[in-house]
Amino acid sequence: MSKSLKENPFCALFSSVEDAERFTSSIQSTKKDTSDVNCLTPQSQIEPSVIEKILLVSTRNHVQDFTYVLMNDSPSLTPETIDVVLFERLLLKDVENCIQNTRSKPNFNDRKLEAVGRKEVLIYLFEVYDRCWQYKETKDEVIDYIQSLVITNLITAFEQPEVFFDQNLNRQFRDLVFNNISTSQSLPEMLNKFLVKCNEHGEAIYLTVFKEISEEIKLKLSSSSLMNIDWTLLDIMDFYSSSPQIAPLLLECQSRLPGHQFQLSCLGGILSISCLPKDSHTQSEFFDQPSSQAPQYHKMTENSIGIAQKALNSRTYSIFMTLLKVSPEIKDKFLKWIENCLEANSGRAGIWHIQSEEIRNLAYVSDSFMVNLGAVMLKLASPFSSVPDDVKNLKILKVDPFYCSSYVAKHQNEIKGVYSGNLSKQTALVPTKEEENSESNSKNIPEFFSFTTTCFYLTHRALHLGVQVAFNMNIRKLRVKALLLPEMMRKYMEKKTSVFLAYRAAGFEPSLVDDVLQFLAATSLWLTQIALTPDDERLSPELKKISLIDLSDEKHSKSLLRFVPEFIVENLVEGIIAIKRYMAEAFTLSGEPYIKHFMSFIISFMGSPQWMNNPHLRAHLAECLETLMPSGKDNAGLVSGVRERLFVEHPLSPHLVTAIIHVFVSIEMTGQSVAFEEKFNYRRPMYEIMKFFWSIPEHRKQFIELANYALSNMESSKPPLFLRFVNLLINDAIFLLDEGLSYMSQIREYQTAKDSGEWNQLSAEQRTEREQNLRQMGYLARFHNMLGSRTIQTLLRLTKDIPGMFTHPTLIDRMSAMLNHFLAHLVGPKQRNLKVKDMEKYEFKPAEIVSDICTIYIHLSKEPEFCNAVCADDRSYSPELFNQACNVLMRIGRYSLKEDLEKFSVKVSEACAKRTEDGDLAALAPEEFIDPIMQQIMIDPVLLPSSRIIVDRQTIARHLLSDQTDPFNRQPLNMEEIISDEDLKTRIHDWLKERKQSSN
């Protein structure tokens, strides 16, 4: 062999004959390892000229009608010598001088001649492979043989780059991929064969060049925008994802990396492209100067953004699907990539309201990344989240609730299909002790979890960290700022409005809204099935129908819900509310098929603390329920009629009133410190819901039944639900109206000072501070006036049909005192302090409130004890009170109400005369007859067991409504524990009887 090599001119390319021998041996070895097509002499039926046209070479002179490279020194080109001729063509240096069959010197700028005179080894090999595709239908062995030789020579080029020392093979390979991946069908096939063949030899010679390409992809994606995407980059990533050998290059970020690092990966680069601003200091590239554009223009921009984002997310979804299917190992790596990404960015969920955007941007991935990840995960979840009419085929019931149990977290290395991160540490809907949440359910843990289960939880977590955080951080905050600071600098408002519109466009693309609604409907159905399943059983694939008995019976209190994280319900609630608020039309059209599932979930969980422990979360369900109510904006009343029937005909509708009252009470009894504004924000939608319910006869009947039950059980150890509800309504009315009137009085003082010129004496800084204070007070006055008015209107409706509830001894004094107090402020001398400019701006409607309060007086006037209670209020009642009120009613045209109030005033005057006599008796009564709290003669004295203090039954009953403790020592106490003092009661009544007889 050495002798023949010495005579070979190409031997000069090597430093020694020994190197040339080693290279020749490696080539022969490679050939022996190739497929049978390579090892055997190919049997060809095609003409030799076809081989020449594929290689663009010939060993013959004067070939007609064919531009080729003449290789006189090579053996005659036959199927048996293709390998030699091809290799010698690769090594040929003076290609241009060997081109034949041209009339003049070839112009290498001519694309037709470019392929013939190709000097770049890798490009030439690809073009040979590509030309073979023209003859694939012939199924000739020589075609397959030539393609296999191309692969062999590709491997040789990377294994022995010194053979082509004057060529930049990596650069050629990069150009080959970038220039042809989007247009050539043959290139992906060639590259796959190349990768497989390299892997068979156990060599990863390709890693460096593919790594360089992936780095370039990252760099280009980082500078891409939604409307300026190089789709070639995604075509390359499509190919990467289809190859088990190089797919890991897309999944570089693994565990223990900072959250924001995932954005720097190839997948992160795609996910980070959207219409959202890059950071908090950058304005969106869309919606420039939004105040100067018409709404129609913004709508057109949103449509364009939606089309582009949908196309991008569809391509990303395709890459995700390929990664899941290419091999079990890549599927595992990909799911771990998502798990680690969500875990590393889990801090996004709890920091949006306390950390600055700058810190968030440095620590975690962008909103664009996480919102898009959620959108793509929704597409992955689509096959199992559809809710067909045929409920026998519900794939959502395959989602395993044990996935988030602490047992699974402790044994995830032993159980296949677990990508749960720290989900077991998330707050569950029904929190339990650690030991209860662990070993006791190990028998129900499967050997592996399905992709359906994994995808369900990963999708919810992506939505929780993406859409929910992004919109809480930007849309809700922007709305509040716009409300509080309407005179902010135009530039600032332009930027913020632009951001608002960008987030709305990103989060409410129509197909995304459809996917969200479908997924949330499936989640609703799944949650109700989980609630019905005891924690020692597995979730049944058969659908169980929930009934009213299930809602009243606590036998399922230990259900599988103790493994379900709260954030799943947060996603459900926030998603429904956001879509209805910002895409009302889409919610009406796309959401209609899912309304019944949302309704079932809300009714089941809103009033069921045994199924959802967090009262704040249940209060959010009330806001969610409000979105399902019919509105005047629904199409031609058709949807409105369907919705209204649903509130009556739904199988669980008889529980609606109980559920809303239960959550109204629960938010007060949390045992936690709840800011007043937060509490009343929770209750705001509840007032609207109760107003709607009151208009439906079936639901009004439920209110009355609950009131009658309460009246029959007023002294139960656990105060009846409706009694607690009414007590809180009175508390709310007192607080809200008091605060509202106080703010109106302060606003008057500020306006008077400003109008008098007093502010002109202040410095600019002081005037600015006063203006800000006035705006803040205006916002607070509006908030309290609006909710106070709704509270009074709720009392107005209830007192008409349920007067006995409000005139019961437990509530009558507080009810009468409240009415007297506010009527005195609104019609008495103090009313002048409430007269401000622009009352409508502050939602202050004193005439309406006076009318409502007077109507409530009339509703309760049939009870004699109410008249006594009104005149017993020494703080606010005066003989002139109702005369002043009648004057106001006359001015506002409420003549009929004025006449009724005058009649009521007469009854009150008579009661006052009688009370004067009783007051004289109290002054003469023995001290032991006097209630220590109210300082009045006791009617029904009772002994408090722990403090041993005697009080009137009515007094302690009223106290226990809001505080279940002994008022003298704070020990726990309920009405069943108090002890009647019959002896003292008899002595009091005998004394009263004796005094009255003596006075007569």
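The values are calculated or read from the model by the stated rules, or taken from the named source; none is laboratory data. Small disclaimer: the values here were computed from a predicted structure and weren't measured. So basically every Cβ, Gly included, is an ideal-geometry build from the backbone, and we count neighbours across all protein chains shown. Heads up: the accessible areas ignore ligands, DNA and RNA and are worked out on the full protein's heavy atoms, side chains in. Shrake-Rupley method; radii C 1.70, N 1.55, O 1.52, S 1.80 Å.
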Looking across the range 738-765 at residues that are open to solvent by less than 60 Å² (accessible area, probe 1.4 Å) and not in a helix (DSSP H, G or I), the single one that is farthest from residue 850 (Cα to Cα) is 763
If we keep only residues of the range 210-245 that are small (Gly, Ala, Ser) and in a helix (DSSP H, G or I), then the residue surrounded by the fewest Cβ atoms within 10 Å (Cβ to Cβ) is 222
Every listed condition ((1) at pLDDT 85 or above; (2) open to solvent by less than 80 Å² (accessible area, probe 1.4 Å); (3) more than 60 Å from the chain's Cα centre (by Cα)) holds for residue 93 save (2)
Practice prompt. Output yes when any residue across the range 855-862 is open to solvent by 40 Å² or more (accessible area, probe 1.4 Å) and in contact (Cβ under 8 Å) with a residue 60 or more places away in the chain, and no when none is.
Written response: yes
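Okay, residues lined up against (1) small (Gly, Ala, Ser); (2) modelled with pLDDT under 90; (3) more than 24 Å from residue 723 (Cβ to Cβ):
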{"position": "931", "(1), (2), (3)": "no, yes, no"}
{"position": "937", "(1), (2), (3)": "no, yes, yes"}
{"position": "948", "(1), (2), (3)": "no, no, yes"}
{"position": "964", "(1), (2), (3)": "no, yes, no"}
{"position": "990", "(1), (2), (3)": "no, yes, yes"}
{"position": "1000", "(1), (2), (3)": "no, yes, yes"}
Turns out the helices (runs of 4 or more DSSP H) fully within the range 526-617 with at least 2 residues that are over 25 Å from the mean Cα position of the chain (by Cα) are 548-552
* Scanning for something open to solvent by 10 Å² or more (accessible area, probe 1.4 Å), part of a helix (DSSP H, G or I), acidic (Asp, Glu) and within 28 Å of residue 599 (Cα to Cα), does the range 685-697 turn up at least one residue? -> yes
Going through the range 116-127 in order, the residues found to be touching a Lys or Arg at 6+ places or on another chain (Cβ under 9 Å) and crowded, with 19+ Cβ neighbours inside 10 Å are 124, 127
Screening 799, 768, 807, 791 for residues that are surrounded by 20 or more Cβ atoms within 10 Å (Cβ to Cβ) and more than 25 Å from residue 684 (Cα to Cα) leaves only 807
Here the qualifying pairs (Cβ atoms under 6 Å; residues six or more apart or on different chains; first in the range 557-582 and of a type in the set (Ser, Thr, Tyr); second at pLDDT 90 or above and open to solvent by less than 20 Å² (accessible area, probe 1.4 Å)) come out as none
A careful count of residues in the range 702-737 that are open to solvent by 10 Å² or more (accessible area, probe 1.4 Å), part of a helix (DSSP H, G or I) and touching a residue at least 40 places away in the same chain (Cβ under 8 Å) gives 10
**Q.** Flag if residue 392 is of a type in the set (Lys, Arg) and at pLDDT 75 or above
**A.** no
Going through the range 581-607 in order, the residues found to be under 21 Å from residue 692 (Cβ atoms) and among the small types (Gly, Ala, Ser) are 584, 591, 600, 604, 607
inquiry  = I'd like to know if the range 941-953 contains one or more residues that are in a helix (DSSP H, G or I), surrounded by 14 or more Cβ atoms within 10 Å (Cβ to Cβ) and touching a Phe, Trp or Tyr at 6+ places or on another chain (Cβ under 6 Å).
reply    = no
Among the residues in the range 149-167, are any in the same structural domain as residue 54 (by the TED database), of a type in the set (A, V, I, L, M, F, W, C) and surrounded by fewer than 16 Cβ atoms within 10 Å (Cβ to Cβ)? yes
Taking the range 954-991 and keeping only residues that are part of a helix (DSSP H, G or I), of a type in the set (Val, Ile, Thr) and surrounded by 14 or more Cβ atoms within 10 Å (Cβ to Cβ), one is left with 955, 956, 988
How many residues of the range 76-95 are within 21 Å of residue 160 (Cβ to Cβ), free of Cβ contacts under 8 Å to residues at least 60 places away in the same chain and either in a helix (DSSP H, G or I) or touching a helix residue (DSSP H, G or I) at 6+ places or on another chain (Cβ under 9 Å) (or both)? The answer is 5
>> For the structure I just gave you, tell me whether residue 796 is assigned to a helix (DSSP H, G or I), at pLDDT 95 or above, among the hydrophobic types (A, V, I, L, M, F, W, C) and closer than 27 Å to residue 847 by Cα.
In response: yes
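Condition check ((1) part of a helix (DSSP H, G or I); (2) without any contact (Cβ under 8 Å) to a residue 12 or more places away in the chain; (3) more than 22 Å from the chain's Cα centre (by Cα)) across all residues:
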site: 269; (1), (2), (3): yes, no, yes
site: 276; (1), (2), (3): no, no, no
site: 288; (1), (2), (3): no, no, yes
site: 298; (1), (2), (3): yes, no, yes
site: 301; (1), (2), (3): yes, no, yes
site: 305; (1), (2), (3): yes, no, no
site: 315; (1), (2), (3): yes, no, yes
site: 323; (1), (2), (3): yes, no, yes
site: 330; (1), (2), (3): yes, no, yes
Checked the range 588-618 for anything of a type in the set (Gly, Ala, Ser) and modelled with pLDDT under 90; matches are 590, 591, 607, 608
